[in-house]
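The values are calculated or read from the model by the stated rules, or taken from the named source; none is laboratory data. This structure is a prediction, so every number in the text was calculated from the model and none was measured. Ideal geometry is used to build each Cβ from the backbone, glycine not excepted, and the neighbour counts take in all protein chains shown.
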Amino acid sequence: MSSRTEQIAKLNDLLRATFLTGKVVLTEGIASLDDDRRAEVLSRVQSFSNFSTDNDPYGERDFGAFEVAGAGRVFWKIDYYNGTLDGGSEDPADAKKTTRVLTIMLASEY
């Protein structure tokens, strides 16, 4: 893995684990879950570590999926935008040039 990819993965892990270094978007399906299920989803996103070549082929740790009883399959994805959120980031490895957006959704909403 290149140092650039390692830096992207590190920044993605920081957002996912803390929800503090970017934006977090919950879709309508996630927002409408009862409090306990929604809390479980958020906790499982933050602690997600089941990365493989199937769900993380580029090593950036920017996607995950899991099942939640009573809610079904949940996806989360991190996308890289510029500072004004009107285009892609020119360099996702540079935290100053990138706004990360973590979207959490039910698979049925994809």
Pair list, Cβ < 6 Å and 6+ apart or interchain, from the stretch 52-73 residues that are closer than 16 Å to Arg38 by Cα and among the basic types (Lys, Arg) to residues that are modelled with pLDDT of 95 or more and surrounded by fewer than 16 Cβ atoms within 10 Å (Cβ to Cβ)
Arg73/Glu67; Arg73/Ala107
Is it fair to say Asp54 is of a type in the set (Asp, Glu) and over 13 Å from Leu102 (Cβ atoms)?
yes
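Kindly provide the set of residues from the stretch 85-110 that are in a strand (DSSP E or B) and of a type in the set (Gly, Ala, Ser), ordered by number.
Gly88, the sole residue that qualifies.
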Being closer than 13 Å to Arg16 by Cα and of a type in the set (Asp, Glu) is the filter here; which residues of the stretch 52-110 pass it?
Glu60, Asp62, Asp79
Which of (1) more than 11 Å from Met105 (Cα to Cα); (2) surrounded by 15 or more Cβ atoms within 10 Å (Cβ to Cβ); (3) out of contact with any strand residue (DSSP E or B) (no Cβ under 7 Å at 6 or more places or on another chain) does Asp86 not meet, given it meets every other one?
(2)
Could you tell me which residue of the stretch 1-29 is surrounded by the fewest Cβ atoms within 10 Å (Cβ to Cβ), considering only residues that are under 17 Å from Phe48 (Cβ atoms), without any contact (Cβ under 8 Å) to a residue 60 or more places away in the chain and not charged (D, E, K, R)?
Leu20
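Would you be able to tell me the number of residues in the stretch 13-38 that are of a type outside the set (Asp, Glu) and more than 15 Å from Phe75 (Cα to Cα)?
First, the residues of the stretch 13-38 that are of a type outside the set (Asp, Glu): 14-27, 29-33, 37-38.
Then keep just the ones that are more than 15 Å from Phe75 (Cα to Cα); that gives 14-15, 17-23, 32.
Residues flagged as of a type outside the set (Asp, Glu) and more than 15 Å from Phe75 (Cα to Cα) within the stretch 13-38 amount to 10.
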